[in-house]
1. Taking Ala303 as the residue in question, decide whether it is at pLDDT 95 or above, open to solvent by less than 60 Å² (accessible area, probe 1.4 Å) and assigned to a strand (DSSP E or B).
2. Quick check on my filter: what residues within region 286-300 are open to solvent by less than 50 Å² (accessible area, probe 1.4 Å) and not hydrophobic (A, V, I, L, M, F, W, C)?
3. Look through region 331-355, keep the residues that are assigned to a helix (DSSP H, G or I) and open to solvent by less than 10 Å² (accessible area, probe 1.4 Å), and return whichever of them is nearest to Lys293 (Cα to Cα).
4. Determine if region 156-177 includes at least one residue that is at positive phi and either open to solvent by less than 30 Å² (accessible area, probe 1.4 Å) or not in a strand (DSSP E or B) (or both).
5. Suppose we filter Ala93, Ala63 for residues that are closer than 24 Å to Thr347 by Cα and either open to solvent by less than 10 Å² (accessible area, probe 1.4 Å) or modelled with pLDDT of 95 or more (or both); which single one remains?
6. Out of all the residues in region 312-330, which are in contact (Cβ under 8 Å) with a residue 12 or more places away in the chain and outside any loop (DSSP other than H, G, I, E, B)?
7. Looking only at region 136-151, decide whether some residue is touching a residue at least 40 places away in the same chain (Cβ under 8 Å) and closer than 18 Å to Leu87 by Cα.
8. Residue by residue through region 72-89, note down the ones that are modelled with pLDDT of 95 or more and open to solvent by 20 Å² or more (accessible area, probe 1.4 Å).
Amino acid sequence: MVEKTGKQPRGSGHAPDDPRPWPFAAAQLAMDACFWWLERGPVERDESNLPWTTPNSVALELATMQLRDCSQIRSGQPVLVCAPYALHRALIADFAPGHSVVQSLQQGGIDRVYLTDWRSATPGMRYLSIDSYLGDLNVAIDEIGAPVDLVGLCQGGWLSLLYAARFPAKVRRLVLVGAPVDLSIDSSLSRLARNAPELVYDQLVARGGGNVSGEEMLRLWSKAPDSDDIVAALQRDISDEQGTALLARFDRWNSETLNLPGTYYLEIVNGIFRENRIAGGSFVALGRPVHLKDVKAPIFLLAGLDDDVVPATQALATAGLVGTPPAFIAAASEPSNHLGLFMGARTHAHAWPRIAEWLRDDLSGVLARTA
């Protein structure tokens, strides 16, 4: 074991005249740094102790998730918020009063709201694939009662879009918020997947015993947010007493990471980020190739103008990939970074009421004009 005593990662002392071609030397440096962190071993974490903002109950226990029911009534059109399963817990969708997707939808008149609360991967989950998550999403939607309105946040967006293409009759409307779909458009996500040697990802999974440690991903790939980053995400001053409490809550949420199944993780890195199979039309979901032109449901796209994770050009480009008629595609851009799309007070005051109104709107007039 290597103790954290200020020792540099192995390989950091390569001389400038290293005889290996520089791409190989750079790859070795990246892998050495990766292994230095990973030698400490993955950290198992219990479920979050952070309370939910919105009262809810667990409607369904599945291998990949707990389906949380935040509904205020038992009837009406259901909305399922598909949280990202990437690094952080689903509290990103229900962070705090004034900073909650679930709350904003309810305040906008959406009475039946559900949320995918993804589980942190255990050793027994290491072989779960994207198909596993699509399959459980299908079970959840059958339990809720199709057709549903799907609200996909970030990587929950491409999962929602895949589902809508695979089961078009089960999705009434689709909202994609900061969702990476066409990875040929430059972004920090696409650059990260492109620039790191493929072996780094394979070894990350191997060192985790078949899973990828969320804590290690946070250390390796994510810059620790400073106070300016948090202010930009929450879109409010954090110097007062309430702001101090929000800052403490954000720090706890940010540190409570999720482990990912290795199979699922490598499918995302290789099939989606490196090979762009969803946008390219070559992705196979639950035994069938999916084509985004099969998605005909009305779509609302929300992008952040200051989002460097999923730039607005990438988030809005999905409109050109689907089969939804242009008259049924709504789009909005907010002066927001990536997290601010889900947590930002200003975004919740401006964009999310519009999304709720769009979900409740009768589009029959538009249908008549386009018939």
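1. Details: at pLDDT 95 or above: yes; open to solvent by less than 60 Å² (accessible area, probe 1.4 Å): yes; assigned to a strand (DSSP E or B): yes.
In short, yes.
2. Pro298
3. Ranking the candidates gives Ile355 first.
4. The answer is no, given that none of the residues of region 156-177 is at positive phi and either open to solvent by less than 30 Å² (accessible area, probe 1.4 Å) or not in a strand (DSSP E or B) (or both).
5. When all the criteria are applied, what remains is Ala93.
6. Residues of region 312-330 in contact (Cβ under 8 Å) with a residue 12 or more places away in the chain: 312-319, 321-325, 327-330.
Answer for region 312-330, where residues must be in contact (Cβ under 8 Å) with a residue 12 or more places away in the chain and outside any loop (DSSP other than H, G, I, E, B): Ala312, Thr313, Gln314, Ala315, Leu316, Ala317, Thr318, Ala319, Ala327, Phe328, Ile329, Ala330.
7. No, there is no match, as no residue in region 136-151 is touching a residue at least 40 places away in the same chain (Cβ under 8 Å) and closer than 18 Å to Leu87 by Cα.
8. Initial filter on region 72-89 (modelled with pLDDT of 95 or more): 77-85, 89.
Matches in region 72-89: Gln77, Arg89.
The values are calculated or read from the model by the stated rules, or taken from the named source; none is laboratory data. These numbers were taken from a predicted model, which means no experiment stands behind them. Don't worry about glycine lacking a Cβ; one is built from the backbone with ideal geometry, like all the others, and counts go over all protein chains shown. The protein model used for the area step is the full one, side chains on, heavy atoms only, and it has no ligands, DNA or RNA in it. Shrake-Rupley method; radii C 1.70, N 1.55, O 1.52, S 1.80 Å.
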